[in-house]
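Computed from the coordinates by the stated procedures, all read-outs in this text should not be read as laboratory data. The shown structure was predicted, so the numbers you read here are calculated from the model rather than taken from an experiment. As a convention, Cβ positions derive from the backbone with ideal geometry for all residues, glycine included, and neighbour counts pool all protein chains shown.
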Amino acid sequence: MIYVDNMSPCATSQKWPYQESCHLFADDTEELKVFARSIGLYDSWIQKATGFIHYDLTGSKRWLAIRCGAVPVNHRFVARFIKERK
């Protein structure tokens, strides 16, 4: 299953000039990568450093992900998801 959480404020940088972002994540990493490619994301954009494997999305990519089948979830779901995988 592919999930996308709510948009949240975030820090901007040269690599990420946006003031909001959300996370695209999945039960299976390979499934996540395949889905991400289908909506125009590059494999090199995957975030792994925190142990929470995900892609950061802009608002327009979030809506595209939902239209393509990602399930919108809230921050409580994300916290539970991360806790269950530790």
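Out of the chymotrypsin sites (Phe, Trp or Tyr not before Pro) in region 1-56, which ones are loop residues according to DSSP with at most 10 other C-beta atoms within 10 Å?
When the chymotrypsin sites (Phe, Trp or Tyr not before Pro) of region 1-56 are filtered for loop state and at most 10 Cβ neighbours within 10 Å, Tyr42 remain.
Listed options for Cα extents along the principal axes in Å are (i) 32, 25, 22; (ii) 46, 27, 20; (iii) 36, 29, 24. The value calculated from this structure is the one marked (i).
Among the listed pairs Lys48/Lys83; Lys15/Lys86; Lys33/Lys61, give every one whose C-alpha distance is greater than 22 Å.
Values: Lys48/Lys83 16 Å; Lys15/Lys86 28 Å; Lys33/Lys61 15 Å.
Result: Lys15/Lys86 exceed 22 Å.
Under 5 Å between amide hydrogens, built in the peptide plane, is the criterion, and for Tyr3 it picks out Phe25, Ala26, Val71 among residues at least 5 positions away or on other chains. Site pair Glu20 and Ala49 shows an inter-label distance of 2.4 nm when each label is modelled 7 Å from Cα along Cα→Cβ. The trypsin sites (Lys or Arg not before Pro) of region 27-59 meeting both criteria, a DSSP state outside H, G, I, E and B (loop) and at most 16 other C-beta atoms within 10 angstrom of the site's C-beta, are Lys48.
Sequentially through region 12-24, phi angles give Karplus couplings (6.51, -1.76, 1.60; θ = phi - 60°) of 8, 7, 5, 7, 9, x, 8, 8, 9, 7, 9, 10, 9 Hz, Gly and Pro residues having no value and appearing as x.
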